[in-house]
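Here is the structure we will look at.
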Amino acid sequence: TTGFLLDRLAQARTSSDTLTYVQALGNTGDVAMLDELGRRSHSPAPEIRSAALWSLRSIESPRAEDLLVGLAATSDEPARVAIMRTLAFRPLTPRSETILADHLRADPSPRVREQVLRVTQAALRRSQPLRDAFDWCKRNDAAAALRDTAARALMALPSASPGPPRSLAGR
């Protein structure tokens, strides 16, 4: 199946066809697709970059996380948004927690910080680094709407102690 998809992707003539096959590659969950998705994450077309990055959510491999973490410092804002969303839908690891928390505290884009706030709220019970980043955001973010979102998320937390980390998306 993956060979067929790679062949079809190589033959795609429209961005719509390319997008469809990039998404299909990620849906296979096949680690062998990482190289192709990594190449597509550098596409000049933003929708292809985002699709390639989002497709990494289904590939359960440390190499997929390595790719996302390596790209997190990109200057491409839409790519950073996609990376944050994808990291949040993968199993939570200390490295992904750190990347998400760091971007909430320091990303220059309010859009990226908002994405982190939106996609990590379910993990706050299980992640001290994210709770600390939300608290920092609540007190210091330049955007009032983001400060308010962080404050509301923290207030909604139950007072019980956190359980073991599983994933950000609460799979």
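Among the candidates L124, L100, which residue alone is under 17 Å from the mean Cα position of the chain (by Cα), at pLDDT below 95 and hydrophobic (A, V, I, L, M, F, W, C)?
After ruling out the rest, the residue left standing is L124.
Filtering the range 18-60 down to residues that are more than 23 Å from D76 (Cβ to Cβ) and more than 17 Å from the chain's Cα centre (by Cα), which residue is least open to solvent (accessible area, probe 1.4 Å)?
Filtering the range 18-60 for residues that are more than 23 Å from D76 (Cβ to Cβ) and more than 17 Å from the chain's Cα centre (by Cα), the one least open to solvent (accessible area, probe 1.4 Å) comes out as A24.
Taking P78 as meeting all but one of (1) more than 18 Å from P110 (Cα to Cα); (2) of a type outside the set (S, T, Y); (3) open to solvent by 40 Å² or more (accessible area, probe 1.4 Å); (4) part of a helix (DSSP H, G or I), write down the number of the exception.
Failing condition for P78: (1).
For the list (1) closer than 24 Å to L25 by Cβ; (2) within 10 Å of the chain's Cα centre (by Cα), I need the number of the one condition that G70 fails.
It is condition (2) that G70 fails.
The values are calculated or read from the model by the stated rules, or taken from the named source; none is laboratory data. On a predicted model such as this, the values are computed, not experimentally measured, just so you know. Backbone-built Cβ (ideal geometry, glycine too); neighbour counts: all protein chains shown. Each accessible area value is taken on the protein alone, full model and side chains, heavy atoms only, with ligands, DNA and RNA left out. Shrake-Rupley method; radii C 1.70, N 1.55, O 1.52, S 1.80 Å.
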